[in-house]
Amino acid sequence: MQELLDMLWETEPRTVLLVTHDIEEALYLADRVLVMSARPGRILDSVLVNFERPRHLDIRRLPAFTAMKAGIADILRG
């Protein structure tokens, strides 16, 4: 589904708002990730995702991707 959504965006660029609990999914699909707190929901941080497009699933193995994922997890842990 992630690859399909990415492909659709490549052929028909639009602004898309995606809500997910999956950090990896957010980093793969997004150009910017807003990290939110638990209740009351507020934005804790905004993370720019500067990986080139089109993206491929193997991007998840890059050290920069792994570091960004760990950084977001740290923000969520507080």
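The values are calculated or read from the model by the stated rules, or taken from the named source; none is laboratory data. Owing to the predicted nature of the structure, the values given are computational and were not obtained by experimental measurement. We place every Cβ from the backbone using ideal geometry, glycine too, and count neighbours over all the protein chains shown. Just the protein is used for accessible areas: all its heavy atoms, side chains included, with ligands, DNA and RNA removed. Shrake-Rupley method; radii C 1.70, N 1.55, O 1.52, S 1.80 Å.
A few notes on this one:
- Surface listing: 66, 20, 15 arranged by accessible area from highest to lowest gives 15, 66, 20, probe 1.4 Å.
- Within segment 1-56, the trypsin sites (Lys or Arg not before Pro) that combine a DSSP coil assignment with at most 14 other C-beta atoms in a 10 angstrom radius are 14, 42.
- Contour excess over end-to-end distance, with Cα ends at residue 67 and residue 31 and 0.36 nm allotted per residue: 11.4 nm
- For the chain, applying the loop criterion from DSSP together with a ceiling of 13 other beta carbons within 10 Å to the GluC sites (Glu not before Pro) yields 52.
- When only the Cβ of Lys, Arg, Asp and Glu is charged (+1, +1, -1, -1), the dipole of the chain relative to its Cα centre reaches about 340 debye.
- For the chain: relative contact order, % (alpha-carbon pairs under 8 angstrom, 6 or more apart): 28
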